[in-house]
Amino acid sequence: MVMVNILLAEDDDSMRGFLTRALERAGYSVTAVDRGTLALPLIATGEFDLLLTDIVMPEMDGIELARRASSIAPDMRVMFITGFAAVALDQGGETVKQSKVLSKPFHLKDLVDEVGRLFAA
């Protein structure tokens with residue numbers, strides 16, 4: 001199996017820790033940051049297969065981050081994690097292509113399974 005590199009942008013410290021540990025235990029490589037503005041320069045390296053981002057974050061929300069990310073790294077997949085699923089799906093009607101939304105609260109197993117499905121194809 002090819003190592004999948006995930007960039008996690010989540011402003012909640014405990015949530016970021018839980019998600020990182022769950023994904024690493026499942027065999028993924030995870031780089032975690034606490035805001036979108038820190039994620040952008042990392043995306044530019046081209047090292048990531050998946051951007052896993054919270055939608056509501058300070059400085060830059062996850063939707064803006066995903067839009068910028070898809071122009072920098074068009075092949076990178078995007079998954080949103082949010083307590084506000086309706087927000088993700090209706091920002092001027094334009095959703096980032098190849099994106100998936102996982103609504104909080106979710107089980108860590110659900111997240112790991114969703115990531116697995118993204119890369120099983």
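The values are calculated or read from the model by the stated rules, or taken from the named source; none is laboratory data. Quick caveat: nothing in here was measured; it's all calculated off a predicted structure. FYI the Cβ positions are ideal-geometry reconstructions off the backbone, even for glycines, and counts take in every protein chain you see.
The single condition among (1) among the polar types (S, T, N, Q); (2) at pLDDT below 95; (3) within 17 Å of residue 112 (Cβ to Cβ) that residue 20 does not meet is (2).
For region 26-37, a residue qualifies if it is of a type in the set (Val, Ile, Thr) and either crowded, with 18+ Cβ neighbours inside 10 Å or assigned to a strand (DSSP E or B) (or both), and the qualifying residues are 30, 31, 33. Applying a threshold of 7 Å to beta carbon distances and a minimum spacing of six or more residues, or different chains, the list of pairs starting in region 19-36 at a residue that is without any contact (Cβ under 8 Å) to a residue 40 or more places away in the chain and closer than 14 Å to residue 111 by Cβ and ending at one that is surrounded by fewer than 19 Cβ atoms within 10 Å (Cβ to Cβ) and among the acidic types (Asp, Glu) reads 30/24. Here is a check on your reading of the model: is residue 66 touching a Leu at 6+ places or on another chain (Cβ under 6 Å), at negative phi and of a type in the set (Gly, Ala, Ser)? Spelling it out, it is not the case that residue 66 is touching a Leu at 6+ places or on another chain (Cβ under 6 Å), at negative phi and of a type in the set (Gly, Ala, Ser). Note on region 9-25: among residues that are of a type in the set (D, E, K, R) and surrounded by 18 or more Cβ atoms within 10 Å (Cβ to Cβ), the one that is nearest to residue 61 (Cα to Cα) is 10.
Checked against the criterion of being of a type in the set (A, V, I, L, M), buried (at least 19 other Cβ atoms within 10 Å of the Cβ), free of Cβ contacts under 8 Å to residues at least 60 places away in the same chain and out of contact with any His (no Cβ under 8 Å at 6 or more places or on another chain), the candidates 6, 55, 81 yield just one match: 55.
Considering region 1-25, the residues that are in a strand (DSSP E or B) and among the hydrophobic types (A, V, I, L, M, F, W, C) include one that is farthest from residue 120 (Cα to Cα), namely 9. Of all residues in region 38-53, which are within 15 Å of residue 11 (Cβ to Cβ) and assigned to a strand (DSSP E or B)? Hits for region 38-53 are 51, 52, 53.
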